[in-house]
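What follows is a set of notes on a single structure, which appears directly below.
The values are calculated or read from the model by the stated rules, or taken from the named source; none is laboratory data. This structure is a prediction, so every number in the text was calculated from the model and none was measured. Virtual Cβ from ideal backbone geometry, glycine too; neighbours counted across all protein chains shown.
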Amino acid sequence: MASMILPRRLSALQTRASLVRSMATTSATPGSSSAGASSSSAAPSTLTGESEPLTHFKITLRRSAIGLPDRYKATLESLGIWRRMQTVFMPHSPEAAGKILRVKELVEVQNVPASLVRTKAEQRQDRKAPRGYAVVDRMLS
Amino acid sequence: MFGAFRASPVSASGLLWKVPWRLSAPRKARQRQRLRDVDEVIETVRQSGVQCESLTRALALPKEYEMPAKDKYTVFNRRSKGYRKGIHKVPKWTRLTLRENPLGF
């Protein structure tokens, strides 16, 4: 009887977790808003409907390592993360997986395809609001 | 000492912190949510298809829905009565993995 109850609870919990995940996405890349909202449990069939292979980890630091032993701080530094809410992309590898699992309490991870990987400058550009005008011609020079 | 206050004897009208011996319902709810968040991180790494020993160890940890309430809100302590104390009394407990306790306690 307990085994009959558990699967229903599991699906309810997963749904709630995926709702939390979709509300907690940080990267404001326009093209990836739906991909970012897709829960990790639905990774192979993303909401964008793409069949691209998911090749990278998108890692965002949610909790800081202040007050934790140096190995956590060193792991975050090796991931390339310097501050809270910073997002970093790393290709799938056992080394990256091991680093993520060492700081699994501090970090939020998603699997993303290579097309959604953004450098720091590109992430900054994606956050900028579009200008309400376009320069058509210049009178001077 | 810890926090903003300096320790002084209570009998000399020193400052006293009160820490409840158990978690409140909202605090427990947040603890469950944190456990679920970590479960999601482990699940994401598993779905990436990468294989490593830390993933094997992480998958051996119980998931939030598999854990008894005792393990979610208390932690083993050899000096406590009943050999358990509130998990909130562990420093940095919201950022540590404290899912497993010695067998039988």
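Here are B:Ala12, B:Ala4, B:Ala29: which of them is among the aliphatic types (A, V, I, L, M) and at pLDDT 95 or above? Please lay out each step first, then the result.
On the way: B:Ala12 fails: at pLDDT 95 or above; B:Ala4 fails: at pLDDT 95 or above.
Answer to the check: B:Ala29.
Please identify the pairs in which a residue from the range B:25-47 that is within 9 Å of chain A (Cβ to nearest Cβ) has its Cβ atom under 9 Å from the Cβ atom of a residue that is among the β-branched types (Val, Ile, Thr) and crowded, with 20+ Cβ neighbours inside 10 Å, counting only partners at least 6 apart or on another chain.
Matching pairs, first to second residue: B:Glu40/A:Val109; B:Val41/A:Ile100; B:Val41/A:Val107; B:Val41/A:Val109; B:Thr44/A:Ile100; B:Thr44/A:Val109; B:Val45/A:Ile100; B:Val45/A:Val109.
For the range B:48-63, enumerate the residues that are more than 7 Å from chain A (Cβ to nearest Cβ), part of a helix (DSSP H, G or I) and either acidic (Asp, Glu) or in contact (Cβ under 8 Å) with a residue 12 or more places away in the chain (or both).
Those that are more than 7 Å from chain A (Cβ to nearest Cβ), part of a helix (DSSP H, G or I) and either acidic (Asp, Glu) or in contact (Cβ under 8 Å) with a residue 12 or more places away in the chain (or both): B:Glu53, B:Leu59.
Evaluate the range A:50-63: report whether one residue or more is closer than 25 Å to A:Arg127 by Cβ, modelled with pLDDT of 95 or more, part of a loop (DSSP other than H, G, I, E, B) and facing another protein chain (nearest Cβ under 10 Å).
Checked against the condition, which is being closer than 25 Å to A:Arg127 by Cβ, modelled with pLDDT of 95 or more, part of a loop (DSSP other than H, G, I, E, B) and facing another protein chain (nearest Cβ under 10 Å), the range A:50-63 yields at least one hit.
Could you check the range A:69-141 for helices (runs of 4 or more DSSP H) lying wholly inside it with 2 or more residues that are closer than 18 Å to B:Thr44 by Cβ? Before the answer, list the steps.
On the way: elements: A:70-79, A:94-102, A:120-127.
Because the criterion is at least 2 residues that are closer than 18 Å to B:Thr44 by Cβ, the helices (runs of 4 or more DSSP H) in the range A:69-141 that meet it are A:70-79, A:94-102.
State which residue is surrounded by the most Cβ atoms within 10 Å (Cβ to Cβ) when the search covers only the range A:75-96 and only residues that are of a type in the set (D, E, K, R) and more than 13 Å from chain B (Cβ to nearest Cβ). Give the derivation first.
In the first step, residues of the range A:75-96 are kept if they are of a type in the set (D, E, K, R); the result is A:77, A:83-84, A:95.
Checking which are more than 13 Å from chain B (Cβ to nearest Cβ) leaves us with A:77, A:83.
On the way: A:Glu77: 12, A:Arg83: 8.
Step by step, filter the range A:75-96, then rank; the result is A:Glu77.
In the range A:117-125, is there at least one residue being surrounded by fewer than 20 Cβ atoms within 10 Å (Cβ to Cβ), in contact with a strand residue (DSSP E or B) (Cβ under 8 Å, 6 or more places away or on another chain), at pLDDT 95 or above and under 20 Å from B:Glu40 (Cα atoms)?
no
With the condition kept exactly as written, say whether any residue in the range A:97-104 is facing chain B (nearest Cβ under 7 Å), surrounded by fewer than 18 Cβ atoms within 10 Å (Cβ to Cβ) and out of contact with any Phe, Trp or Tyr (no Cβ under 9 Å at 6 or more places or on another chain).
Yes, there is a match, as at least one residue in the range A:97-104 is facing chain B (nearest Cβ under 7 Å), surrounded by fewer than 18 Cβ atoms within 10 Å (Cβ to Cβ) and out of contact with any Phe, Trp or Tyr (no Cβ under 9 Å at 6 or more places or on another chain).
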